[in-house]
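FYI, it's all coordinate maths here, none of it is from the lab. Bear in mind the structure is a predicted one, so any value in this text is a computation, not a measurement. Glycine gets a Cβ as well: all are built from the backbone with ideal geometry, and neighbour counts include every protein chain shown.
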Amino acid sequence: MPSFDPSILQSGQYHDWLVQGFILSLQLTAASFVVALPLGAIVALMRTSAVAPLRAIGAVIVESIRNVPLLAHLLFWYFAFPELLPDAAREFLYAHNPEAVCAVVALSLYSGVHMAEDIRSGIRAVPASQVEAARSVGLGRFAAVRLVLLPQAFRASVPPLLSQTVNLWKDTSVATVIGAAEMMYQAARVETASFRSAEAFTFATLAYLTVSLLISLAAHLYQRRFPVRPA
Amino acid sequence: MLELIDTYWLYFLVGQYPDGPLGGLALTVLLSFGALLLAMPFGLLLGVARVSTRRSIRWPVATLVQLVRAVPLLLVVFWVYFFLPAVTGVKTGQATTMLMVLVLFDGVYLAEIVAAGIRALPKGQLESARSLGLSYPQALRLVVLPQTLRNGLPSIVSQLVSTIKATSLGYIIGLSEVSFIATQVNTLVFTQAVEVYLILALTYFILCFGLSRLAFLLERRMARAS
Amino acid sequence: MIVLDKVNKFYGDYHALVDISERVEKNEVVVVCGPSGSGKSTLIRTLNRLEEIDGGTISIDGRDIHARGLDVDRLRAGIGFVFQHFNLFPHLTVLENCTLAPVNLKRASLKEAREYALDLLQQVGLAHKRDAYPNALSGGQQQRVAIARALAMRPPIMLFDEPTSALDPEMVGEVLGVMRSLAHQGMTMVCVTHEMGFAREVADRIVFMSEGEILERAKPEDFFTNPQTPRAQQFLADRRRE
């Protein structure tokens with residue numbers, strides 16, 4: 001076995017490929033997060049709504065997305081969905097980085113429903129008596145939710161949401177299946193070109209580990225600084 | 001859509017078997033169940049180690065768990081499929097690679113379920129078992145773990161659902177699991193991508209949602225029994 | 001049979017057991033009582049090493065139970081312990097609860113263990129529940145099974161840690177009845193309990209504890225009619241008011 005040569009990781013073409021992959025992975029994560037979080041909040045509110053049809057729709061959204069693997073979502077959005085578009089829209093998509101766009105769509109939906117469940121459990125963690133107490137001092141329904149329920153729900157939701165963000169970061173690796181040139185794609189590309197699997201995969205491992213551990217550290221610090229104080 | 005199903009249902013179900021290795025939905029299911037089963041002893045051992053009073057046992061396991069959870073499953077698949085043969089000289093097949101990686105991941109997640117279950121069990125259970133004269137290993141085997149596994153059954157079923165979804169990653173190294181077969185069919189047919197992938201999604205949905213409901217019912221039944 | 005000599009225990013800075021010295025002879029029934037937090041449960045749990053001590057010695061049958069190399073499991077197999085919250089094994093039937101230890105510790109074959117267990121269950125009045133699971137039994141029934149389970153190991157000593165404190169009042173009597181007949185059979189017993197009626201009737205000796213120390217030891221009649229220390233007097237006055 002050829003010896004480990006870290007120099008290829010520090011400069012040169014392979015290094016550039018790997019760094020580009022790392023950057024795209026980060027971009028995919030950020031873009032998907034920005035869409036997933038509001039989406040998750042909306043679905044969570046639907047699932048905890050007093051209106052039964054809204055609750056049902058929310059449940060259907062969550063279950064239909066959650067029970068299908070991310071890879072299958074990616075395949076659908078990349079291979080199947082464009083067929084449903086009118087020709088002009090399809091041409092537009094194909095001209096503007098369809099791999100990344102479809103990846104973000106799939107990742108946003110997949111992550112979004114998981115975040116919805118985390119936010120929902122955060123809402124459920126706040127005892128109903130809290131809202132009752134808020135109404136008893138005269139707060140209207142909307143104000144009670146805004147001032148008493150959501151702040152507490154938010155604090156309870158942050159740790160699982162950060163954990164979900166780590167999952168999102170790791171899930172961007174699956175986008176390689178539709179050809180998005182993120183970290184795993186580039187690592188495999190380096191391996192094929194140079195047979196230096198150890199160096200390429202070490203780079204990827206360190207990249208994933210660092211970001212995962214940073215996010216986990218953030219979660220840990222948040223929990224220390226803003227502990228959940230049960231009512 | 002119906003003629004699509006009519007033509008390709010067998011291929012979708014078992015891949016090229018018997019003219020080739022098993023594939024399709026059968027492979028997905030077998031691989032998932034097999035991985036979870038094989039991971040059970042591993043998960044039990046790690047889980048017990050997670051709650052050990054001795055730091056020298058607890059910390060290495062905690063570190064392993066943290067590491068495995070911080071990297072994508074696909075990355076580990078790549079390590080095993082591309083790197084390991086260079087070191088050991090033995091080329092592992094796609095199915096074997098996926099099985100090994102899934103057993104690792106399932107073992108780690110099962111360890112967390114087992115550890116949580118052991119911690120959640122009332123202290124008095126272990127105390128009364130030890131008071132009768134049973135040793136710690138005996139108390140674990142006869143009193144703590146049977147209850148932990150029973151209480152953790154809904155979580156274990158959820159882990160099975162995760163495993164089924166994870167088998168899809170075998171696609172990327174060319175394993176003929178159900179997603180790969182779907183794409184093969186799509187390439188053959190070419191004009192019915194939407195139907196093909198909707199069927200794929202539906203298949204996963206029925207399997208995973210069905211198992212999730214089972215987990216939910218189990219949890220309800222256990223809550224009522226206590 | 002049980003000898004405690006200057007036993008001390010600390011929880012951090014808190015002195016939970018202070019210079020405890022006491023003897024329990026064979027066939028004696030000793031009741032340990034006192035206000036909450038007096039250390040009575042802690043004390044009884046040190047006897048089978050569910051709690052460890054920080055100073056002093058405890059000997060059972062002449063052997064130091066903290067001696068190096070002593071098999072703790074073997075020690076515990078020779079002592080029956082009944083918990084306040086019963087702690088029956090919910091995944092096993094009543095009969096299986098009683099045969100688990102004897103069979104797995106190779107004290108008896110399954111057949112012998114079953115026979116003896118059924119005999120014990122008969123004595124506590126629950127032979128008809130042998131295939132039931134603990135969650136189908138009332139508290140009083142569960143505690144009686146717990147006593148049978150402890151007796152199945154044929155221990156020469158039985159320890160009871162507030163056996164009736166978690167029971168509804170109407171079930172206290174059935175458990176005390178079992179304990180009473182056990183005492184009449186000559187079992188060496190140490191009971192931590194609030195049941196003063198039981199203590200009066202069955203105990204050979206009362207040991208009164210407060211704040212980690214043994215303040216009084218006396219025969220039941222003496223203790224109840226003529227407590228020596230103000231703490232004991234206060235304690236009995238409170239009990240009478242209940």
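Take peptide B:161-168, look around each residue's Cβ out to 10 angstrom, count Cβ atoms belonging to other protein chains, and average those counts.
Mean number of neighbouring Cβ atoms from other chains: 3.
Which helices pass in chain A if a helix is a full DSSP H run, must span at least 18 angstrom along its long axis by Cα, and must have mean Kyte-Doolittle hydropathy not below 1.0?
Span-like helices here: A:13-47, A:52-66.
Residue by residue through the stretch C:29-39, which ³J(HN,Hα) values in whole Hz follow from phi under the Karplus form 6.51 cos²θ - 1.76 cosθ + 1.60 (θ = phi - 60°), with glycine and proline marked x?
With coefficients 6.51, -1.76 and 1.60, one gets 10, 10, 9, 9, 9, x, x, 4, x, 6, x Hz.
Just the projected area, averaged over all directions, of the convex hull on the alpha carbon atoms of the protein assembly as shown: how many nm²?
If I average the Cα hull's projected area over directions, I get 41.2 nm².
Just counting partner chain Cβ atoms within 10 Å, what average do the residues of peptide B:195-202 show around their Cβ?
5
When you look at the Cβ of every residue in A:197-210, what mean number of other chain Cβ atoms sits within 10 Å?
Average neighbour count from other chains, rounded to a whole number: 4.
With each label point set 7 Å from Cα along the Cα-Cβ vector, what nm distance links residue B:2 and residue B:22?
Here the answer is 3.2 nm between the modelled labels.
Taking amide hydrogens as modeled 1.01 Å from N in the peptide plane, which residues meet the under 5 Å criterion relative to residue C:80, leaving out close sequence neighbours?
Under 5 Å from the amide H of residue C:80 lie the amide H atoms of C:157, C:158, C:159, each far enough along the sequence or on another chain.
List residues of the stretch A:32-72, by number, whose backbone nitrogen lies under 16 Å from a label position 7 Å along Cα→C-beta of residue A:130.
Zone members listed by number: A:45, A:48-49.
With +1 on each Lys and Arg Cβ and -1 on each Asp and Glu Cβ, how big is the dipole of the stretch C:165-242 about its Cα centre, in debye rounded to the nearest 20?
220
What shape does the stretch B:52-163 take by its C-alpha gyration tensor, where a ≥ b ≥ c are the square roots of the eigenvalues and a/c under 1.5 counts as rounded, a/b above b/c as prolate, and the rest as oblate?
Prolate, since a/c reaches 1.5 and a/b exceeds b/c.
For a test of the definition: using alpha carbon positions, the gyration tensor, and the 1.5 limit on a/c, classify the stretch C:83-236 as rounded, prolate or oblate.
prolate
Say a site is exposed when it is one of the trypsin sites (Lys or Arg not before Pro), sits in a DSSP loop, and has at most 10 other Cβ atoms within 10 Å; what is then the longest site-free stretch of chain C?
C:107-242
Quick one: grab the alpha carbon gyration tensor of chain A, order the square roots of its eigenvalues as a ≥ b ≥ c, and give me rounded if a/c is under 1.5, else prolate or oblate depending on whether a/b is larger than b/c.
oblate
Any idea which of C:12, C:224, C:43 is furthest toward the positive side of the dipole for chain C, if Lys and Arg beta-carbons carry +1 and Asp and Glu beta-carbons -1?
C:43
Whose amide H sits under 5 Å from the amide H of residue C:56, counting only residues 5 or more places off or on another chain, with H placed in the peptide plane?
Amide H neighbours of residue C:56, under 5 Å, 5+ apart: C:8.
Neighbour counts of other C-beta atoms within 10 Å: give me B:208, C:98, A:102 arranged from fewest to most.
Going from least to most buried by this count: B:208, A:102, C:98.
Given the options C:98, A:28, B:202, identify the residue whose Cα lies farthest towards the positive end of the charge dipole of the protein assembly as shown (+1 on Cβ of Lys, Arg; -1 on Cβ of Asp, Glu).
Value computed over the given set: C:98.
Against the longest alpha carbon principal axis of chain C, how many degrees, from 0 to 90 and to the nearest 10, is the axis of helix C:94-104 turned?
90
May I have the count of lysine pairs in chain C with C-alpha atoms under 29 Å apart, counting pairs 8 or more residues apart or located on different chains?
12
Just to be sure I understand: of the beta bridges DSSP finds with both ends in the protein assembly as shown, what percent are antiparallel, rounded to 5?
The answer is about 55 percent antiparallel.
In the protein assembly as shown, with Lys and Arg counted as +1 and Asp and Glu as -1 at Cβ, which of these residues, B:68, A:98, C:75, has the Cα nearest the positive end of the dipole, that is, farthest along it?
Highest projection toward the positive end goes to C:75.
What FRET efficiency comes out for the pair residue C:241/residue C:21, r = Cβ-Cβ distance, R0 = 41 Å, nearest 0.05?
0.80
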